[in-house]
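In what follows, a structure is listed as structure tokens, so that the remarks can point back to it.
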Amino acid sequence: MTTMVRPRVDVATARDLAEALLTDLPQRWAHTAGVAARAAELCAGLDPADRDRAVTAAWLHDIGYAGPVRDTGFHPLDGARFLRRAGWTARISALVAHHSGACYVAQVRGLHHELAEFPREQSPVADALTYADQTVGPDGTRVDVHTRMAEMLTRHGATSDNARVHHLRAPDILATGARVERRLHLAALAA
């Protein structure tokens, strides 16, 4: 009997996979590298056992944009399904599926049932992934959350699915940012 070998939560393997899938999308690759670097910085506020999970998920969060991965056209879902098929852990797949308020956009796209294949984790790791994604611009540069959300709305357009759920998604992302900043503050005080 053959058993499937599941990859460890492995930052180097995640980075290599993201690079292989996203190098044809240079801006997406720059953003992904910036998000991974930002996630590594945010690890001070995480339990040591979760630090590699956060950075691994950061490297993989946008692979759903890659042509070979794209299926539904909704990158969080496409990336999560690809990772599940490739044998990544259920937790990493779910973190990718739900990053940055994906549940709100999935609802208006009619993909909420498909996204529900992956449990939505509400944890410091999920918060770190979303905050890293929402504090790095498309070109990989550091931005604040408000600037990132404004850029996203401009890029996607005023009638986009992202704009339609902004009134729900934005408060969630801002609350996530506040939790991450609080954890970082407490970690700095404890150091």
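The values are calculated or read from the model by the stated rules, or taken from the named source; none is laboratory data. If you're wondering where the values come from, they're calculated on a predicted model, not measured in any experiment. So basically every Cβ, Gly included, is an ideal-geometry build from the backbone, and we count neighbours across all protein chains shown. Ligands, DNA and RNA are stripped out before the accessible areas are found, and what is left, the full protein with its side chains, is counted by its heavy atoms. Shrake-Rupley method; radii C 1.70, N 1.55, O 1.52, S 1.80 Å.
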If we scan the stretch 62-71, do we find a residue that is acidic (Asp, Glu) and open to solvent by 30 Å² or more (accessible area, probe 1.4 Å)? yes
Could you tell me which numbered condition LEU83 fails, if it satisfies all but one of (1) touching an Asp or Glu at 6+ places or on another chain (Cβ under 9 Å); (2) of a type outside the set (Lys, Arg); (3) part of a helix (DSSP H, G or I); (4) surrounded by 19 or more Cβ atoms within 10 Å (Cβ to Cβ)? (1)
Give me the helices (runs of 4 or more DSSP H) completely within the stretch 102-176, filtered to those with at least 2 residues that are open to solvent by less than 50 Å² (accessible area, probe 1.4 Å), within 19 Å of ALA58 (Cα to Cα) and of a type in the set (Ser, Thr, Tyr), ordered by residue number. 124-133
In this structure, does ALA54 turn out to be at pLDDT below 95 and out of contact with any Phe, Trp or Tyr (no Cβ under 7 Å at 6 or more places or on another chain)? no
Checking the structure you have, find out if any residue of the stretch 88-98 is assigned to a loop (DSSP other than H, G, I, E, B) and on the phi > 0 side of the Ramachandran plot. no
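Rundown of residues vs (1) open to solvent by 90 Å² or more (accessible area, probe 1.4 Å); (2) modelled with pLDDT of 95 or more, yes/no style:
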{"residue": "MET4", "(1), (2)": "yes, no"}
{"residue": "PRO7", "(1), (2)": "no, no"}
{"residue": "ALA18", "(1), (2)": "no, yes"}
{"residue": "LEU25", "(1), (2)": "no, yes"}
{"residue": "ARG28", "(1), (2)": "no, yes"}
{"residue": "HIS31", "(1), (2)": "no, yes"}
{"residue": "GLY34", "(1), (2)": "no, yes"}
{"residue": "ALA39", "(1), (2)": "no, yes"}
Contact list please: Cβ distance under 9 Å, first residue in the stretch 99-127 and touching a residue at least 12 places away in the same chain (Cβ under 8 Å) and closer than 19 Å to ALA40 by Cα, second residue open to solvent by 30 Å² or more (accessible area, probe 1.4 Å) and assigned to a loop (DSSP other than H, G, I, E, B), pairs at least six apart or on different chains. PRO124/ASP47; VAL125/ASP47; ALA126/ARG120
When the residues of the stretch 10-61 are narrowed to those that are more than 13 Å from the chain's Cα centre (by Cα) and not in a helix (DSSP H, G or I), which ends up nearest to HIS185 (Cα to Cα)? LEU46
Give just the number: which of (1) closer than 26 Å to VAL143 by Cα; (2) of a type in the set (Gly, Ala, Ser); (3) open to solvent by 30 Å² or more (accessible area, probe 1.4 Å); (4) modelled with pLDDT of 95 or more does ALA44 not satisfy? (4)
